[in-house]
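**Q** Quick one: the structure is below, and I'll ask about it shortly.
The values are calculated or read from the model by the stated rules, or taken from the named source; none is laboratory data. Fair warning: this is a prediction, and the values are worked out from it, not measured in the lab. Note: ideal-geometry Cβ built from the backbone for every residue, glycine included; neighbour counts use all protein chains shown.
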Amino acid sequence: MTDQDLVRVEASEDPEECFDLGVKLGEKGDFIGAIEAFKKGLRLNPEEVVAWINLGLVHGQNGDFQEEIKAYKKALLLDPENMEVWVNLGVVLEEMTDFKGAVDAYKKALELNSEDLDIWFDLGVAFGRMENFENAIIAYKKVLECNPDDSQAWLNLGVVQIQTEQFEEAQVAFEKALEIDPNDEKAWYNLGLILGQTGDIEGEIKSYTKALELDSNIELAWYNLAVALEEMEDFKGAIEAYKKVLELDPEDDITWEDLSLALKKVGDLKGALDAQNKASSLRNNH
């Protein structure tokens, strides 16, 4: 906040002037100044709902989530049917890992507008993060009933269906996601997980390979690909995949161990010994 702005805030007896200045300072990235301006305005007019909302937003942008929550709750005392504030409250509570509080806030928002698919999606995420997978599935299915072209909802649905061991349903969900967005590396990766679980090793390999074509930094995809290639007795391919894992995480002692075993299978005893020694060194250092 410039000295001129500080003087304006301190001297002003007009709440609207303070609120306007708060907005301008927030847009400039001066969150501390914006907070002071909104607080001064709210001392003059504590009934202004929009100002409480804006105060919450700038507190959030400033990284002070507890104060953000307090501001939203003040706004809701004045306007308990403000759906957007309930959503904002849910988002920040989820950020604070208060998943139950987030779920309650999203439910309040849905009481005000039960057809808002974004809120149903957010509710599904919150239920998933609190490991309430059955209700997460219900929320994602609600999204998909109204918008079957939401690839992210299909992906998330598949992920929670894995958690409830609904593997066939999860495979369908990932395939649906890929029909809509064939360049979704997460859907390819998760499809690989399912195909491996059901014994389709060739399909698993193809899925991981596709995921890695789209994003070569998925460490678990490289590792799972290596394991699948070993099952197919493609030891050279497995070795290359293990090496890719180690490029991403050279401190992974388990992968060094697996690489050692794969090198033995192709007769590279020196390489196997070097990899084994590396694995042992890392374990000893831990």
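**Q** One residue is enough: does the range 108-120 have a residue meeting the conditions in a helix (DSSP H, G or I), among the basic types (Lys, Arg) and farther than 30 Å from Lys141 by Cα?
**A** no
**Q** Right, something else. Restricting to the range 182-229, name every residue that is closer than 19 Å to Val160 by Cα, at pLDDT 95 or above and not in a helix (DSSP H, G or I).
**A** Hit for the range 182-229 is Asp184, nothing else.
**Q** Out of the residues in the range 179-202 that are free of Cβ contacts under 8 Å to residues at least 24 places away in the same chain and farther than 18 Å from Ile218 by Cα, state the one that is nearest to the chain's Cα centre (by Cα).
**A** Checking each candidate, the answer is Glu179.
**Q** From the set of residues in the range 129-167 that are acidic (Asp, Glu) and either surrounded by 19 or more Cβ atoms within 10 Å (Cβ to Cβ) or in contact (Cβ under 8 Å) with a residue 24 or more places away in the chain (or both), which is nearest to Asp116 (Cα to Cα)? Lay out the reasoning, then the answer.
**A** We begin by selecting, within the range 129-167, every residue acidic (Asp, Glu); these are 131, 134, 145, 149-150, 165.
Adding the requirement that they be either surrounded by 19 or more Cβ atoms within 10 Å (Cβ to Cβ) or in contact (Cβ under 8 Å) with a residue 24 or more places away in the chain (or both) leaves 131, 134, 149-150.
Details: Glu131: 23, Glu134: 20, Asp149: 16, Asp150: 14 Å.
Checked the range 129-167; the qualifying residue nearest to Asp116 (Cα to Cα) is Asp150.
**Q** Ok, one more. Please go through the range 37-56 and pick out each residue that is in contact with a Gly (Cβ under 8 Å, 6 or more places away or on another chain) and crowded, with 21+ Cβ neighbours inside 10 Å. Full working, then the answer.
**A** Within the range 37-56, the first condition is being in contact with a Gly (Cβ under 8 Å, 6 or more places away or on another chain), and the residues that meet it are 37-38, 41, 48, 51, 54-55.
The answer is Ala37, Phe38, Gly41, Ala51, Asn54, Leu55.
**Q** So, in the range 263-286, exactly how many residues are more than 18 Å from Asp249 (Cα to Cα) and either of a type outside the set (Asp, Glu) or exposed (fewer than 12 other Cβ atoms within 10 Å of the Cβ) (or both)?
**A** 10
**Q** For residues in the range 92-107 being buried (at least 20 other Cβ atoms within 10 Å of the Cβ) and not hydroxyl-bearing (Ser, Thr, Tyr), which is farthest from Glu68 (Cα to Cα)? Walk me through how you get there before you give the answer.
**A** Keep residues of the range 92-107 that are buried (at least 20 other Cβ atoms within 10 Å of the Cβ), which gives 92-94, 102-103, 105-106.
Then drop every residue that is not not hydroxyl-bearing (Ser, Thr, Tyr), which leaves 92-94, 102-103, 105.
On the way: Val92: 8, Leu93: 10, Glu94: 13, Ala102: 14, Val103: 18, Ala105: 14 Å.
Going through the qualifying residues, I end up with Val103.
**Q** Just give me the residues in the range 235-252 being acidic (Asp, Glu) and surrounded by fewer than 17 Cβ atoms within 10 Å (Cβ to Cβ), in sequence order. Step through it out loud before you land on a result.
**A** So the first thing to find is which residues in the range 235-252 are acidic (Asp, Glu), and the list is 240, 247, 249, 251-252.
Passing the criteria: Glu240, Glu247, Asp249, Glu251.
**Q** Find the residue count for the range 47-95, including only residues that are under 27 Å from the mean Cα position of the chain (by Cα), within 18 Å of Gly22 (Cβ to Cβ) and of a type in the set (A, V, I, L, M, F, W, C).
**A** Counting residues in the range 47-95 that are under 27 Å from the mean Cα position of the chain (by Cα), within 18 Å of Gly22 (Cβ to Cβ) and of a type in the set (A, V, I, L, M, F, W, C) gives 6.
**Q** Another question about this same structure. Is it fair to say Lys107 is over 19 Å from Val172 (Cα atoms) and modelled with pLDDT of 95 or more? Outline the logic, then answer.
**A** Working: over 19 Å from Val172 (Cα atoms): yes; modelled with pLDDT of 95 or more: yes.
Yes, satisfied.
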